[in-house]
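Here the structure is laid out as structure tokens; the discussion comes afterwards.
Every number here is computed from the coordinates shown, using simple stated rules; none is lab data. Being a predicted model, the structure only gives us computed values, none of them experimental. Every residue, glycine among them, receives a Cβ derived from its backbone with ideal geometry; neighbour counts consider all protein chains shown.
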Amino acid sequence: MNQDTQKVRTYQHLSLMERESIALNKASGKSITTIANELDRHISTITREIKRNSSPINNCQYRAHLADQRARERCKKAQAKARLVHPELREIVESNLEKGWSPEQIAGRLAIDNSTLRTNYESIYQYIYTDRPDLIPCLRQSHKKRKKRGSATHKHASRIPNPTSIDLRPIEVNERQEYGHWEADTAVSSQSKPVLQAAVERKSRFILLTKLPAKESKHMTEALIDKLSSLPSFLRKSITYDNGTENVEHEKVNAALGSDSYFCHPYHSWEKGTVENSIGLVREDLPKKTDFSMITEMQIKQIEDKLNNRPRKCLKFLTPHEIFFSVALNP
């Protein structure tokens, strides 16, 4: 075939200069056919351009710069990548959001549980805010601003007998080099006398929750012995406390468990940050003004299971339950 008789044309989007020519020619009263011939464009291209990109007001007046802007925005929207296209992936994401998992935890866990489905936490956030705003309430909220450290106005000497300072805690405890080292604390409420005790293993972040009748040393002691005595001895090596009076019987706990005890400096509760953070997670389900007397053992167990089966970034998206029991069963 003679190349001179065949003209191969490839489509190109209208340029801003072409749109300016369309606007001028249209304003001067020229026909669509004339405009198309002058621009060497098909008549349908000009018709479609005027119809799609004219102003919806001002009697559908065609302005070049506004038309060019509308065309670019339409093109950008058409090229936007769809988020979480796979139905199974959406189902997994939505299900875990409802469990209280963060987008980062969901994305990290996918790499462990599923060999084919993959995404990242940014895509999950964009999916939520773009396609499923009804899931926004499932996102975990940041905690309220804490009071300035050491701002207490009334400071008293510790009443703890024979305390061992956290300064003397071995490096293998501080750097989480081995399992069996715990932190203990209580979550209290102004609405009730009962409190919630939390004991957290530092390396695995495995948490044990117990409702106590009151914030008293005898209840604290009994609960810790009851919860930890069933564990192998290598999983109950030490417990770190604050200086609250509920911890005065720590030596009794040590005698029963064969453990050591360490104490934070007065008014330095952040030195046991693992249990502080864990109680913060518990507060998502049981806010500060919760009446603990109305909370059932089943509810507490459900919260405990939820936290222990939630993947953690610090555990490379394994769960505390998986880490803790893999060690307990295979020391």
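Diagonalising the gyration tensor over the Cα atoms of the chain and scaling each eigenvalue by 5 before taking the square root yields semi-axes of 67, 23, 17 Å, largest first. Our helix-only sum for the chain, with -39,500 (n - 2.57) per DSSP H run of n ≥ 4 divided by its residues, gives a mean residue ellipticity at 222 nm of -12000 deg cm²/dmol. Computed from the alpha carbon atoms alone, the convex hull of segment 225-286 holds 110 Å³ per residue. What residue among 105, 187, 245 has its Cα farthest toward the positive end of the dipole of the chain, where the charges are +1 on Lys, Arg and -1 on Asp, Glu, each on the Cβ? It is 105, whose Cα lies furthest towards the positive end.
Across the chain, the relative contact order, built from alpha-carbon pairs under 8 Å that are at least six residues apart, equals 14 percent.
Output the relative contact order of segment 227-331, whole-number percent, from Cα pairs under 8 angstrom with separation of 6+ residues.
Numbers: 76 pairs, mean separation 20.6, N = 105.
Worked out over segment 227-331, it gives 20 percent.
Around the Cα centre of the chain, unit charges on the Cβ atoms of Lys, Arg, Asp and Glu (plus for the first two, minus for the last two) sum to a dipole of about 1380 debye. Net charge in the neighbourhood of residue 98 (other residues with Cβ under 14 Å of its Cβ; Lys, Arg +1, Asp, Glu -1) is +1.
From most to least packed by mean Cβ count within 10 Å, the peptides 174-180, 113-119 give 174-180, 113-119. Separation of segment 172-236 from segment 239-300 is 6 Å, based on Cα centroids.
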